[in-house]
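These notes concern the structure reproduced below.
The values are calculated or read from the model by the stated rules, or taken from the named source; none is laboratory data. Since this is a predicted model, take the numbers as computed values, not measurements. Positions of Cβ are backbone-derived with ideal geometry, glycine not excepted, and every protein chain shown enters the neighbour counts.
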Amino acid sequence: MDPRHAVRTAVASAGGAHFAFTDRWGGVSAVPYEELNLGGAVGDDPAAVGANRERAARSLGLDPRTVVWMNQVHGREVAVVDGPWGDLAEIPAVDAVVTARRGLPLAVLTADCTPVLLADPVAGVAGAAHAGRPGLVAGVVPAAVEAMTALGAEPSRIVARTGPAVCGRCYEVPEEMRAEVARVVPAAWSQTSWGTPAVDVTAGVHAQLDALGVRERHRSPFCTLESGDHFSYRRDRTTGRLAGYVWLDR
């Protein structure tokens, strides 16, 4: 592949657990989805999305046929999986997936929401969650950790990484909405850089994880709305989707 068109990912590893977040470059999608759109429900050419998903997986040393995707609906439902879905019709409406199968890659799509990747390398349990404002309030991340614990994970051993997302300085909301979110997750209360009410979903996610006993946490420095290297629904409306991937060594 021409290095000018190579897929770019931020990859990290911890004790046999691997985490990766894509940006928007290195794919084949045309405007307004350029280039590495990995979302299949945003209006892009399905063939381009398939090619992008293959490129992204191959760049991580993964078989694209094994990646577990979700039909994300801003809820708190969690699916426990031990293999990839058979076809698109089988993908359930959930916002988190967890697995006890080593080597099985889980994926989450975002374009401002917070992608949450979780792994307990000792227990061999991994999880991925999609936390937008509604999912934060509904408790999708605690639900994912609970499902991982049921598979043998220990919160104190879980490594958590949150990827590029709209930051609390940019996520402007009405005052009533900020108050509604803060009543459930006080740490999500925020204010924009121009002084209006805002919500910091990522801060809320980290507060939830801390309350659950997840101590090893890492937060991406990128705000999707501010970064031209990332897709942002709030900035562009019609746009692509980034992906976060988590998997464990076999």
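Structure above, values below:
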quantity	calculated
Inter-residue pairs, beta-carbon under 9 Å, first within 10 Å of V94 (Cβ to Cβ) and in region 64-77, second surrounded by 17 or more Cβ atoms within 10 Å (Cβ to Cβ) and hydroxyl-bearing (S, T, Y), 6+ apart	Q72/T110
Among (1) crowded, with 22+ Cβ neighbours inside 10 Å; (2) not in a loop (DSSP other than H, G, I, E, B), the one test that A89 misses	(1)
Criterion: surrounded by 13 or more Cβ atoms within 10 Å (Cβ to Cβ) and assigned to a helix (DSSP H, G or I) - qualifying residue of A79, A10, A20, A57	A57
Filter result for V205 (at negative phi and in contact with a Lys or Arg (Cβ under 7 Å, 6 or more places away or on another chain))	no
Qualifying residue in region 149-158 (condition: over 25 Å from A107 (Cβ atoms) and either in contact with a Phe, Trp or Tyr (Cβ under 9 Å, 6 or more places away or on another chain) or surrounded by fewer than 17 Cβ atoms within 10 Å (Cβ to Cβ) (or both))	yes
Hits in region 179-194 (condition: over 22 Å from the mean Cα position of the chain (by Cα) and closer than 15 Å to G135 by Cβ)	E180
Search result, residues across region 103-137 that are out of contact with any strand residue (DSSP E or B) (no Cβ under 9 Å at 6 or more places or on another chain), closer than 16 Å to A93 by Cβ and either assigned to a strand (DSSP E or B) or among the hydrophobic types (A, V, I, L, M, F, W, C) (or both)	none
Matching residues, region 92-102, being β-branched (V, I, T) and either assigned to a loop (DSSP other than H, G, I, E, B) or modelled with pLDDT under 95 (or both)	V94
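This table checks each residue for (1) assigned to a loop (DSSP other than H, G, I, E, B); (2) touching a residue at least 12 places away in the same chain (Cβ under 8 Å).
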residue: T149; (1), (2): no, no
residue: R161; (1), (2): no, yes
residue: T202; (1), (2): no, yes
residue: F231; (1), (2): yes, yes
residue: R234; (1), (2): no, yes
residue: A243; (1), (2): no, yes
